[in-house]
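The values are calculated or read from the model by the stated rules, or taken from the named source; none is laboratory data. Owing to the predicted nature of the structure, the values given are computational and were not obtained by experimental measurement. Positions of Cβ are backbone-derived with ideal geometry, glycine not excepted, and every protein chain shown enters the neighbour counts.
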Amino acid sequence: MNIWFAEIWQAWRASLRRPGFLLLAAGVLALGVGPASAVFTMIDGVLLRPLPYPEPHRLVALGRLEQGSVVGMSPQQYQQLAGLPGVAALGSFKSVTNATNIAGDGEPVQVPAQAIDHALLPTLRVQPALGRNFTAQEDQPHGPSAVLLYHGFWLRRFGGNPAVVGQTLQVEGVAHTIVGVLPAGFDLGQASIALPLAFAANTANDSSDYTTVARLAPGTTREALASEVNTRLHAFYAAQGNKVYAGDFWRRAHFGAQDFGANMHQGSRATSLMWLPVRRCCC
């Protein structure tokens, strides 16, 4: 042990005699530790850490498949899945945020807004930190104007004031009642506010800019649900007649289910995997 300490002391004294080398070594070490920590944080958030929802293994994204990944589901398709067997709950949100002008309690600003339906929070089993979720009436075209605040925006804009629930926020010039504040861990796209999706009944909107989330009922497998979704949506398009179904696109489309966490992170997942060390083995 004394020899070990003596070696450390000699190395330290030698380093002090060459301060330039000591600074260079410290700099190289810092450059190595910093990126390594950042990469680990990214991999932990994308590949290792489960979604912050109860029983996340039961959550799946539904929609059209491309190379094994769900790429989205349209409002029209979403409405065809009502009463789907093996599903405990079903919700939807728009996959991208929209720049939205707001005013009230401060300077007018433009913030990213997320559109969600009233069934999404119950599907994820998320309770607002303050207030309540959207009602079914608010989640209809021309329904009462309501808005949910993301937690970070609530802290920045309103200073974490709990009395904000019930106040009004001008959204694109229209007064919206603030009905609740979302919890701190809720994040579907780094938005500031959430607005109701408000799909029209029997909508013909076939844009795939939306994500549908299902919570599997006990005893249901993702494979069984995927098969049911594919069968139901192909039957729906076939019922539209040859004008819709005879073309290659919908007739050859395949619908299925994907783990919701993998679906949410599939863009950054491939980037994260590039940083993982490759294990070589000799057989």
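Of the numbered conditions (1) at pLDDT below 95; (2) under 19 Å from the mean Cα position of the chain (by Cα), ASN202 satisfies every one except a single condition; which is it?
Of the numbered conditions (1) at pLDDT below 95; (2) under 19 Å from the mean Cα position of the chain (by Cα), the odd one out for ASN202 is (2).
Which of the residues that make up segment 87-119 are more than 23 Å from the chain's Cα centre (by Cα) and part of a loop (DSSP other than H, G, I, E, B)?
Matches in segment 87-119: GLY104, ASP105, GLY106, GLU107, PRO108.
Assuming SER95 fulfils every condition listed in (1) closer than 19 Å to GLN190 by Cα; (2) at pLDDT 95 or above; (3) surrounded by fewer than 21 Cβ atoms within 10 Å (Cβ to Cβ); (4) not aromatic (Phe, Trp, Tyr) apart from one, which condition is it?
(2)
Return the total of residues in segment 144-186 being polar (S, T, N, Q) and either part of a loop (DSSP other than H, G, I, E, B) or crowded, with 22+ Cβ neighbours inside 10 Å (or both).
Final tally of qualifying residues: 3.
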